[in-house]
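Nothing in this text is a laboratory measurement; each read-out follows from the coordinates by a stated rule. Bear in mind that the values here come from a model prediction, so they are computed numbers and not experimental data. Heads up, the Cβs are rebuilt from the backbone with ideal geometry, glycines too, and the neighbour counts pull from every protein chain shown.
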Amino acid sequence: MGDINRIILLGRLGTDPVLNQSASGRAFLRFPLATQVRGQQQHQWHRITAFGAPAIAAAALKKGQTCYLEGKVVYRRYQRADAIRYRTEVVADHLHPIGPGPSARPSAA
């Protein structure tokens, strides 16, 4: 059996995703996703990236909307201004909205 790099997250979008296109013409988007630690008020923030068809489908998601996603964890290393930087992100290959968008939630009276 080989190694497995798989992550499943259920959380809320921190911003509206913006669909972009790479120089080669491939659709992609990035957005932050907040997950809450069970029993705590603390949130964990994840950098989400999606490419191709999942990116196009996720472009309709909105800030505050709950989303279920599956993907893999990717660690990137890059050079910027004479310093080496590291970034951890989740590359999503399945994105699914859960429930209605944030505007459909009842307001507190």
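Observations
- Treating r as the C-beta distance of residue 41 and residue 83 and R0 as 25 Å, the FRET efficiency rounds to 0.15.
- Cα centroids of the range 1-16 and the range 38-57: 7 Å apart.
- Restricting the calculation to Cα atoms, every distinct pair contributes to the Kirkwood radius of the chain, found to be 15.2 Å.
- Furthest towards positive pole of dipole, 43, 8, 56, structure part the chain, Cβ charges: 43
- The chain, helix-only ellipticity at 222 nm - DSSP H runs n ≥ 4, -39,500 (n - 2.57), divided by all residues, nearest 500: -1500 deg cm²/dmol
- Once the Cβ-Cβ distance of residue 75 and residue 30 is raised to the sixth power relative to R0 = 22 Å, the FRET efficiency obtained is 0.90.
- Using a simple spin-label model with pseudo-atoms 7 Å out from Cα toward Cβ, residue 53 and residue 23 lie 2.8 nm apart.
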